[in-house]
Every structure is written in C-alpha cells, then in structure tokens.
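The values are calculated or read from the model by the stated rules, or taken from the named source; none is laboratory data. All values derive from a computational prediction rather than experimental measurement. Here the Cβ positions follow ideal geometry from the backbone for every residue, glycine too, while neighbour counts run over all protein chains shown.
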Amino acid sequence: MKAIFWKEVKSYFYSPMAYILIGLFILLTSIFFMQYFKYGYGLFNNILDKMGSILIVVIPILTMRILAEDRKNGTEVLLITSPVNITSIVIGKFLAVYFVFFVMTALTFVFPIVMVAFGAKFTTQLVGGYIGFLLLGASYIAVGVFASSLTENQVIAVIISYVSLLIMRLADSLSTLVGGFAAKVLSWFSILSRYDDFNRGILGLSPVVYYLSFTAVFLFLTIRVIEKRRWSQG
C-alpha cells in the first residue's frame, strides 16, 4: 500500500495536473475571500461553503486517471495479479488523491490567518468547518475513485463523477420533489446537510460516522468492481 501511495503521489506532482488544480482552487478561493473580506464578513466558514462547491469540479478531474489510466494502459492486470491485494491497491490510490486534496486544503489556511491578523476571532466554528470540509473531500474522492474504476476513458470517468456529485449536492432539493422511498434514498446521499452542521460549529459523532461510512461504502464498491473484472478475465 505504501509503495502504491507514494507512486501515485509522485505521479501527481511530477506532472502539471496537481499544480494546475491546486492553483485553480487557490485562485477561486482567493476571489471568494476578497469578496467576503472587502465587505467585512468575519467568518471564513462562508468561504468554506463556496470551496465545497468548487470541489464538485476539482475532484472529478483529480480522480479521473487514478484507476482508469491503469486499465487503459494495461497495467491494471499487473496490479491485480501482484502480491498486493486489491483492497491495499484501492486504499493506497485513494490516500494518494486525498494527500493532494489535503495539501490543497492546507494552503487555504492562510486566509483565516489573514482574517485573524485583521481582528477576526479564531473560533471552534472554523475548526468544525475545516473538519467537515476534510470529511466532505474524502466522500467526494471515494465517489471519484469509484467512477474511475468503471471505465478506461478518463473523460467518461469525469462525467460520471461530476454528475454523481451534483446529484448528491442537490439531493435535498430533489427529495422534496419525488417523495416516498426515493426521497429517503436521496436524503441518505445528501452529504451537504451533514456538512452544514460542521460549518455551524456543531461537532457531533453522527456526521463523522456518516462521512466515514459513506467513504468506506464507495471504496468497497470500487474493490468489488475490480475484483469482478479480475475474475471475469480469469
């Protein structure tokens, strides 16, 4: 797992992808920050909410190649027949993407530091917002990794991931339209409702368990997809 993790991390930072996505993310966050800072808003949590919207675009691009590229290049066969089990492969790749996301998120911490320097208070609400953001990112990445496992075409992987995340983001609104069992299913996929609790500074065990469970479910589905492909290939 460790070897796969570092291999994928290096592949991100040895190519322009990580730098472009991180730069784009910081640029957009800076624009939101300047807007809020200009009008004297004291809470960075409002910007964190906007950053969550950016992730819907950034995460699918970040995860599109993580498994699809191996399948296209034919290296997936070497991976799944290696001594390392599939679970370690998937988790190693997931953690590599999460590492890039974590670096990207850590760089944004300069903005609340600037706000504190200009008189804003460092509150538990900000801590809760960042914890929720990191958990939200893990859930998004798990969905993206799953989408990447379904196809060898990276563009298709981006589309599947983006549409899935968009539906999850709009799940609350969609559940009010459909009703019944479908509404219950959509409410389970509504990861934003839990994120709002963190962003308000409400640190509860239930949302943490939900995000970790959500991430685990999609990683499990990814493992099952690859295992099914291995057995079908003999």
Margin query: Can you go through F133, F146 and tell me which one is closer than 20 Å to V57 by Cβ and at pLDDT 95 or above?
Written below: F146
Next item on the list: With the condition kept exactly as written, say whether any residue in region 171-188 is part of a helix (DSSP H, G or I) and at pLDDT 80 or above.
Entry: no
Next item on the list: Show the residue pairs that are 6+ apart or on different chains and have beta-carbon atoms under 9 Å apart, the first residue being within region 44-65 and touching a residue at least 24 places away in the same chain (Cβ under 8 Å) and over 15 Å from A138 (Cα atoms), the second being small (G, A, S) and not in a helix (DSSP H, G or I).
Entry: F44/A120; N45/G201
Next item on the list: From (1) surrounded by 14 or more Cβ atoms within 10 Å (Cβ to Cβ); (2) in a helix (DSSP H, G or I); (3) not β-branched (V, I, T), pick out the condition that doesn't hold for W231.
Entry: (1)
